[in-house]
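What follows draws every value from the coordinates through simple rules; no lab data is involved. As the structure is a prediction and not an experimental result, all values here were calculated from the model. Here Cβ is always computed from backbone atoms with ideal geometry, including for glycine, and neighbour counts include all displayed protein chains.
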Amino acid sequence: MIEKNIPAILPLIFLAAALFIPLLGVWKKAVAYPIAIITVLVAASVSVYGFIYVLLNGTIRYFFGGWAPPIGIEYVYDPLASFVALVINFIALLVLTHGYHAVNIDVKDRQVAYYSVVMLLLAGFNGMIITGDLFNLYVFIEISSLSGYALIAVGEKRAPFAAFRYLIIGTIGASFYLLGIGFLYFMSGTLNMNDLSSILPFIKDSPTILVSLILIVIGIAIKMAIFPMHGWLPDSYTYAPTTSSSLIAPIGTKVGAYALLRLMLFVFGIDYFSKDLQVAELLAIFSCGGIIYGSIMAIAQKEIKRMLAYSSIAQIGYIGLGIGLANPLGFIGALLHLINHAFMKACLFLVAGNLRLKTGNSDISQMDDSFRKKYPWTMAAFTIAALSMVGIPPLAGFFSKWYLALGTIENNAWLYLAVILISSLLNAVYFFRILEKVYMKSPEKEKSSVNDQVDFNSEEVKPSMLMPVIALAVGLVVLGIFNVLLVDQIYKMMPAGL
Amino acid sequence: MEVFQTYNSVIPFYAVMISLAVVPLILLSDKNPNLREFWTIAAAIIKFILVFTLLPGALEGKIASYSILEIAPGVELALKADQFGIFFALIASGLWIFTSIYSIGYVRGNKEKKQTRYFASFAVCLSATIGVAFAANLLTFIIFYEVLTIATYPLVIHKENKEAISAGRKYLLYTLSAGAVLIAAAGLTYSYTNTLDFTAGGIFGGLNLSQGSITVLFMLFLAGVGVKAGIMPLHSWLPAAMAAPTPVSALLHAVAVVKSGVFGVVRVVGFVFGPEVMQSYGLNNILFVFAGATIIIASLIALKQDNLKKRLAYSTVGHLSYIVLGVALLSPAGFTGGIFHIATHATMKITLFFCAGAIYVNLHKENISELNGIGKVMPWTMAAFTIGSMGLAGIPPINGFVSKWFLGSGALQADMNIALIILLLSGLLNAGYFFPIIHRAFFREGIGLEKYKEASMMMVIPIMITAVLSVLFGIYPDMFFNFFEIALSVSSSVMKGF
């Protein structure tokens with residue numbers, strides 16, 4: 001039955017596409033984009049189908065090569081994994097739709113290679129989400145990271161340097177992770193997540209396990225850009241081409257967060273994570289640092305992509321905080337924010353790309369009232385995404401903050417609660433600054449008279465660039481209002497004992 | 001009347017949504033002002049009628065309730081048209097009809113820009129206000145409360161001059177911070193009581209919480225709703241917001257937004273904490289101190305204002321605290337008087353603001369020192385102004401006298417003579433800052449007024465209607481809407497058993 005193979009289909013279809021694009025691209029360049037978009041479309045559809053199937057029929061376990069775990073590599077496609085896979089494939093579809101024009105402009109001659117690497121990136125992400133084997137997770141982390149470095153390096157002048165920095169730091173992170181699982185393997189004899197979770201209670205008192213947990217957490221935290229290991233992020237997001245940052249920013253760090261959540265919840269277990277080792281507390285504290293640091297730095301930025309990059313650091317801090325709270329509400333908040341932020345950031349980066357395309361620059365100081373008339377839909381979507389980031393109900397961002405707030409209250413962690421609330425206000429500062437400019441600041445050109453009835457006709461971007469933006473904004477409204485459907489599913493997914 | 005039955009009805013939902021539904025129509029009718037204004041008036045009338053149909057049932061103790069959907073696990077986005085909710089909804093929607101007519105006269109007379117944005121924002125604001133009125137639980141309340149904040153922003157910054165933009169920033173700073181604090185308060189409440197439903201008499205009964213935690217929780221709530229309720233020292237956004245066009249100041253900052261704030265205060269005191277808890281932990285004393293201080297200080301500051309709207313703003317701040325004082329007394333008459341003051345102050349203040357707007361449009365004068373002799377030029381307007389002022393000072397037969405009488409009785413019932421003194425003193429101060437205006441208008445000679453005449457009918461008629469309503473409600477408080485009966489009934493349902 002096809003369904004049984006879905007866990008394998010998702011990463012493999014991208015790997016196949018990554019192979020075919022250069023092969024066929026040598027013959028005819030124009031073939032690259034169609035193959036890419038069709039692959040993503042198929043993957044998104046399969047994700048939808050898979051999600052529904054898994055909701056009705058339960059988890060699908062796939063053994064690669066027919067080898068049963070713990071010898072073989074196992075993929076675990078449960079409702080949670082299927083939903084996250086659905087979200088990222090859907091966002092990838094929207095971003096690639098937008099990319100039809102964006103890539104043409106940003107990456108003129110190397111499109112074949114570009115799309116091939118994008119496929120590799122998506123293969124890496126899908127693999128990371130569905131895999132049930134620790135080493136396989138490492139393999140896919142590396143696949144997505146290396147593709148990420150390449151996608152960033154294609155950008156403007158400073159991009160290769162930013163990518164190189166990311167490469168060094170990212171490789172260090174991945175190596176930490178590898179060391180960590182190496183120790184685990186040494187102590188337990190297995191690399192299978194499920195297996196490990198049953199063996200761990202017997203060996204958990206050993207210092208080796210403590211070291212491996214710390215190494216794993218640090219390794220993934222570097223990938224997630226948790227403060228203070230966030231240094232690679234601002235430059236990378238700023239100088240990368242629009243499509244790259246729209247793929248990596250919303251999805252890349254989130255998949256790392258998802259992997260961490262999976263490991264903490266299902267392999268190590270909440271008790272070990274928080275009580276025996278207090279790693280959770282450390283994660284929470286550093287995440288709070290990231291939240292405040294990211295929000296404040298975002299206010300100071302003059303260029304919109306850099307502002308969004310620092311904003312991402314803050315948002316990832318929320319996710320890290322949720323994980324660090326180590327209670328059900330915190331995890332739900334973290335997961336919900338993972339999904340919400342993917343939508344919000346994708347929308348914001350795509351809008352930034354649209355504006356950059358139309359005006360030639362990303363300066364915030366150059367934005368003015370004419371934007372409202374020239375790009376009404378783009379700015380409307382931006383407004384919705386901005387309001388969601390600030391946490392205005394009934395948009396999605398409010399609800400993830402609500403659950404996180406409830407999570408902090410449950411732990412009596414008043415400092416964290418204050419951090420969440422204060423950072424929402426800081427978010428309001430840097431977003432409303434742009435909204436003020438776009439809706440009220442008069443353009444300073446000698447041609448236009450004081451009267452603001454000057455005719456700026458709508459020069460809205462092309463549909464292929466506009467539709468994804470609007471779809472994401474609408475998605476934020478839907479995710480907000482119907483968040484309970486999602487949260488109920490997450491509740492069911494929580495392992496027993498929570 | 002102690003037995004309340006709830007029944008399922010979609011009408012509250014329609015009442016909230018009708019003005020949201022016309023927003024696209026308003027936006028599309030941008031080029032056709034008469035059609036655009038038609039949508040606003042139609043929505044206002046339909047909204048009022050919908051709320052009005054719920055009144056008879058409510059008077060018999062039947063509460064229409066409608067649950068929209070589950071918005072968080074265990075908490076629903078739910079509407080409940082209880083008597084207090086209908087009370088507020090009737091006032092807001094009824095006065096919106098007049099404000100809309102007045103607005104048309106005002107924006108056209110002043111040739112304001114961006115009228116479409118103006119009317120569309122108003123529609124969203126009223127949706128949010130009715131949502132606040134009918135909110136069945138704290139989370140629904142917060143959601144609509146925050147939407148109200150965002151929807152009023154475009155109206156505050158409408159004129160887009162320096163003063164307006166700075167007022168807008170101050171407004172957002174205060175209201176968004178309050179929103180964040182309110183979220184914390186709601187989260188804490190949920191963790192203590194496991195429910196967020198508004199229940200007459202409070203939801204804390206039977207729980208044994210420490211003095212410290214209840215006091216902190218109350219202070220958080222107070223800060224959360226106190227900003228919009230203009231409780232000092234959180235009031236300064238209100239005078240600043242006078243930079244908005246006068247109809248905005250009239251409806252939103254005399255009726256909808258500020259009354260949402262005091263509505264919140266009454267809900268918190270009567271339906272979350274409840275009189276027993278308030279008294280046993282001494283919370284009513286805290287509230288009393290803030291309210292009393294606000295009344296006196298605001299009235300004193302009003303004396304010194306030369307700008308007419310600013311004087312009216314400080315007067316509003318003072319009068320809002322009449323309502324807070326009333327509920328802080330925790331006596332039946334006090335509660336009744338406080339709730340009834342919501343209605344009486346609304347009609348009187350809106351009259352005064354309408355007059356201020358008419359003066360501005362006609363004579364372009366904003367300062368009281370320039371208003372010599374205008375009584376001869378605008379007799380109807382100033383007559384209405386006189387009625388409103390007398391009512392606010394507490395002079396019969398205007399409705400202000402009735403609410404003040406009950407507030408005074410409540411003070412005696414609660415054995416708090418100092419409250420009575422505050423009320424009497426404030427009445428004198430009211431006279432002190434209103435009567436000079438009337439004196440100038442009618443008894444001084446104006447200079448250079450020959451070419452001016454009375455304001456346009458679109459403005460004068462609403463002014464006269466609200467002034468006449470103030471008198472009618474003073475003579476027969478239960479006329480048309482049984483406002484007084486509702487106030488009595490709400491008060492007794494909250495005070496039951498106290």
### Task
Sort out for me the Cα centre separation of region B:176-193 from region A:323-377, rounded to whole Å.
26 Å
### Message
Taking 20 °C and 1.002 mPa s as the conditions, I'd like the Stokes-Einstein D for region A:77-200 in µm²/s, using the Kirkwood hydrodynamic radius from alpha carbon pairs.
### Response
132 µm²/s
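Per residue and in cubic angstrom, what volume does the convex hull of the Cα atoms of the protein assembly as shown have?
Numbers: hull volume 159.5 nm³, N = 996.
Cα convex hull per residue, to the nearest whole number: 160 Å³.
By counting other Cβ atoms within 10 Å of each Cβ, how are A:Met344, B:Met390 ranked from fewest to most? Walk me through the numbers on the way to the answer.
On the way: A:Met344 31, B:Met390 24.
Ordered by Cβ neighbours within 10 Å, fewest first: B:Met390, A:Met344.
Would you compute, from DSSP H runs of 4+ residues alone, the mean residue ellipticity of chain B at 222 nm, taking -39500 (n - 2.57) per run and dividing by the full residue count, rounded to the nearest 500?
Values: 20 runs with 353 residues, N = 498.
One gets -24000 deg cm²/dmol as the mean residue ellipticity at 222 nm.
Counting pairs of Cα atoms in region A:1-275, how many percent are more than 35 Å apart? Mind dumping the intermediate values first?
Values: 6263 of 37675 pairs.
Above the 35 Å cut-off, region A:1-275 has 17 percent of its Cα pairs.
Which order do B:Ile143, A:Ile71, A:Ile203 fall in if you start with the one that has the fewest other Cβ atoms within 10 Å? Before the final figure, lay out each step's value.
Numbers: B:Ile143 23, A:Ile71 11, A:Ile203 14.
By the 10 Å Cβ count, ascending: A:Ile71, A:Ile203, B:Ile143.
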### Query
Using bins 20 angstrom wide from zero, how does P(r) for chain B break down, in % of all Cα pairs?
26, 60, 14, 0
### Task
Would you mind working out the magnitude of the charge dipole of the protein assembly as shown relative to its Cα centre, with +1 at each Lys and Arg C-beta and -1 at each Asp and Glu C-beta, to the nearest 20 Debye?
2280 debye
### Query
Sorted from fewest to most neighbouring beta carbons within 10 Å, what does the list A:Ser362, B:Ser260 look like?
A:Ser362, B:Ser260
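If Rh is defined by the Kirkwood formula over all Cα pairs and Rg also comes from Cα, what ratio Rg/Rh do you get for region A:278-498? List each step's numbers first, then the result.
Numbers: Rg = 18.8 Å, Rh = 18.2 Å.
Ratio value, two decimals: 1.04.
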#### Entry: q = 0.08, 0.09, 0.10, 0.12 Å⁻¹: log10 I(q)/I(0) that the Debye formula gives for chain A, counting C-alpha atoms only
-0.45, -0.58, -0.72, -1.05
### Task
Sort all Cα-Cα distances of region B:327-436 into consecutive 5 angstrom bins from zero, then give the percent of pairs in each bin up to the one containing the longest distance.
2, 13, 20, 21, 15, 11, 8, 6, 4, 1
### Message
Starting from the 7 Å offset along Cα-to-Cβ, what nm value, one decimal, do you get for the label separation of A:Arg158 and B:Glu276?
### Response
6.5 nm
### Task
Just name one of A:Phe382, A:Leu479, A:Ile292: the one whose Cα is farthest towards the positive end of the charge dipole of region A:278-498 (beta-carbon charges, Lys/Arg +1, Asp/Glu -1).
A:Phe382
